[in-house]
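Everything on this sheet refers to the single structure shown next.
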Amino acid sequence: MENSIIVIFGASGDLTRRKLILSLCRLFASNLLPEDFAIIGASRSIYTNESFREHLSGAITEESETVRNAWKAFSGHISYQTVDTSDSGNFSELKERIATLAKSHNCGGNVIYYLATPPSLYGIIPEHLKAAGMNDESDGFKRLLVEKPFGYDLASARQLDTRIHRSFDEKQIYRIDHYLGKETVQNLLVFRFANTLFEPIWNRRYIDHVEITGCEFIGVEKRGGYYDDAGAVRDMLQNHLLQVLSMMAMEPPSKINASFMRDETVKVMQCFRPLSAEDLRENLVLGQYTESTVRGEKLPAYRDEPGVDPQSRTETFVALRMFIDNWRWSGIPFYLRTGKRLPTRATEIVLYLKKTPHPFFAGYASENKIVIRIQPDEGILINFGLKTPGAGFETTEVGMDFHYKNLSSGNVLDAYERLLLDAFKGDATLFARSDAVETCWEFIQPVLDYKRAEGSLYGYAAGTWGPLEAINLLKRDGREWRTPCRNLTSEQYCEL
Ligand code: BG6
């Protein structure tokens with residue numbers, strides 16, 4: 001891995017402090033960063049190098065001893081540069097700073113720019129970088145990492161893409177979807193394509209239907225201002241859930257590399273059945289949480305959260321029944337749901353297998369299930385029927401459960417660690433390519449139009465599984481959502 005400078009725009013923000021710096025420090029503590037490197041925090045706020053390091057250091061206190069011990073040496077690589085994005089002169093100063101640090105840290109011309117700013121600056125920063133010649137790769141790589149959200153809808157995503165492409169080539173652009181960095185999401189490919197046990201059944205012949213749940217117990221916390229403009233469809237469905245769905249449903253790539261892998265994810269996205277207004281009326285449920293008391297704690301209604309419009313019609317929950325019109329998945333329903341203030345935090349994929357054709361064991365036809373727990377308690381559960389010990393042929397359902405935490409082999413990188421490491425290595429496999437982002441927006445745009453024009457919005461009490469209508473979405477097909485994390489303690493789990 002080559003030495004490199006990483007410039008983080010939006011350095012005074014929460015993402016930098018809570019995620020990026022911590023992830024870089026953990027990589028450093030595990031000796032995974034290049035031999036030498038420099039981190040430049042850039043934002044409008046005024047800091048000295050020392051006060052910036054001080055500002056970051058608070059986030060390290062809850063880390064493991066190894067990481068805390070590494071902080072001193074690691075933070076020596078961090079400096080700060082004030083950059084006001086409305087002042088092009090600031091970019092020339094930044095360029096000089098990069099050149100000085102590149103010399104002292106032996107980084108040649110290699111630079112990674114990380115856009116962790118508000119999205120309104122995603123267009124202008126690359127333009128400034130280009131104007132100052134800071135995108136030029138003649139002396140080393142220049143990579144641009146862009147945080148989500150990439151666009152606000154189809155039109156703005158296209159505009160942003162065109163704008164960034166004027167300054168950076170697609171091969172220089174790394175769009176972050178941190179769900180792709182999750183170990184369990186990547187494992188989907190190995191689980192599916194490296195196991196004869198599962199590969200042959202992963203299709204419409206054996207799978208009856210699929211559920212993908214991404215639920216959170218937290219509300220909008222301090223992000224009301226951002227969230228009220230975004231909503232669950234933009235915040236989670238358009239990106240994270242659709243990316244997970246594509247990894248779960250894609251065809252095997254002919255090689256595991258950025259281009260072949262991303263070709264396959266786009267191909268399956270292109271097969272998502274377009275959603276007409278009529279489909280949406282039947283297959284989409286939008287909800288918003290209302291006030292409630294959970295374990296003695298009074299949780300406010302979404303409309304009472306700071307930064308949220310008291311009349312807001314923004315959805316904090318979405319459930320969608322959708323189809324993938326291709327050879328593998330024809331006719332199989334996919335049920336997706338995500339929401340804030342649900343009973344717990346859990347992301348999982350559940351594949352329900354078709355029942356056996358002739359249920360002669362006391363009327364029992366086992367409903368085999370494969371549950372892929374993306375988080376927490378990462379692992380895989382397989383449910384199947386077993387003869388109840390004793391006379392006769394009564395059956396009972398049992399599970400074989402694998403937990404990642406039981407693996408003895410070392411430490412699993414968290415999503416940001418993995419993605420930052422890949423950015424240093426120049427491996428774009430786990431970053432969203434332009435066509436994938438656009439295809440997902442194309443699919444989601446009718447939902448946004450529907451929301452604006454007529455979309456009904458149902459209330460649900462904070463701490464419950466969303467509106468009744470979402471339960472009915474499956475019930476009318478004779479199905480039921482799986483309740484994730486039944487094994488959690490009541491402290492972590494708070495169904496009302
Ligand atoms: C972010 C969303 O992209 O993902 C947040 O903006 C959400 O609203 C978060 O809470 C969930 O990520 P994770 O990794 O905690 O599931």
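No other residue among Ala258, Ala301, Ala232 is hydrophobic (A, V, I, L, M, F, W, C), within 15 Å of the ligand (Cβ to nearest atom), in contact with an Asp or Glu (Cβ under 8 Å, 6 or more places away or on another chain) and in contact (Cβ under 8 Å) with a residue 12 or more places away in the chain apart from Ala232.
The rows are residues; the columns are (1) acidic (Asp, Glu); (2) away from the ligand (no atom under 16 Å from the Cβ); (3) surrounded by 15 or more Cβ atoms within 10 Å (Cβ to Cβ); (4) in contact (Cβ under 8 Å) with a residue 12 or more places away in the chain.
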site: Leu237; (1), (2), (3), (4): no, no, yes, yes
site: Leu241; (1), (2), (3), (4): no, no, yes, yes
site: Met247; (1), (2), (3), (4): no, no, yes, yes
site: Met250; (1), (2), (3), (4): no, yes, yes, yes
site: Ser254; (1), (2), (3), (4): no, yes, no, no
site: Glu264; (1), (2), (3), (4): yes, yes, yes, yes
site: Lys267; (1), (2), (3), (4): no, yes, yes, yes
site: Ser276; (1), (2), (3), (4): no, yes, no, yes
site: Leu280; (1), (2), (3), (4): no, yes, yes, yes
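Look at the range 214-228: where a residue is more than 17 Å from Ala462 (Cα to Cα) and of a type outside the set (D, E, K, R) and a partner is outside any strand (DSSP E or B) and more than 9 Å from the ligand (Cβ to nearest atom), sitting 6+ places away or on another chain with Cβ atoms under 6 Å, you get Gly225/Gly307. Residues in the range 128-142: is at least one out of contact with any Asp or Glu (no Cβ under 7 Å at 6 or more places or on another chain) and within 16 Å of the ligand (Cβ to nearest atom)? Looking for residues that are out of contact with any Asp or Glu (no Cβ under 7 Å at 6 or more places or on another chain) and within 16 Å of the ligand (Cβ to nearest atom), one finds none in the range 128-142, hence no.
Ser64 meets all of the listed conditions (1) surrounded by fewer than 20 Cβ atoms within 10 Å (Cβ to Cβ); (2) closer than 16 Å to Arg17 by Cβ; (3) not acidic (Asp, Glu) but one, namely (2). Scanning the range 148-173 for residues that are touching a strand residue (DSSP E or B) at 6+ places or on another chain (Cβ under 6 Å) and either assigned to a helix (DSSP H, G or I) or within 16 Å of the ligand (Cβ to nearest atom) (or both) gives Phe150, Gln172.
Table: residues versus (1) surrounded by fewer than 21 Cβ atoms within 10 Å (Cβ to Cβ); (2) in contact (Cβ under 8 Å) with a residue 24 or more places away in the chain; (3) among the aliphatic types (A, V, I, L, M).
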residue: Phe424; (1), (2), (3): no, yes, no
residue: Ala428; (1), (2), (3): no, yes, yes
residue: Trp441; (1), (2), (3): no, yes, no
residue: Leu448; (1), (2), (3): yes, yes, yes
residue: Tyr458; (1), (2), (3): yes, yes, no
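Take the residues in the range 337-351 that are buried (at least 21 other Cβ atoms within 10 Å of the Cβ) and not in a loop (DSSP other than H, G, I, E, B); name whichever of them is farthest from the ligand (Cβ to nearest atom).
Leu351
Farther than 27 Å from Asn203 by Cβ and in a strand (DSSP E or B) - does that describe any residue in the range 373-382? Looking for residues that are farther than 27 Å from Asn203 by Cβ and in a strand (DSSP E or B), one finds none in the range 373-382, hence no.
Quick note: the coordinates plus some simple rules give every number you see, no bench work behind them. This one's a predicted model, so the numbers in the text were calculated from it and none came from an experiment. In this analysis, Cβ positions are derived from the backbone assuming ideal geometry, glycine residues included, and neighbour counts consider all displayed protein chains.
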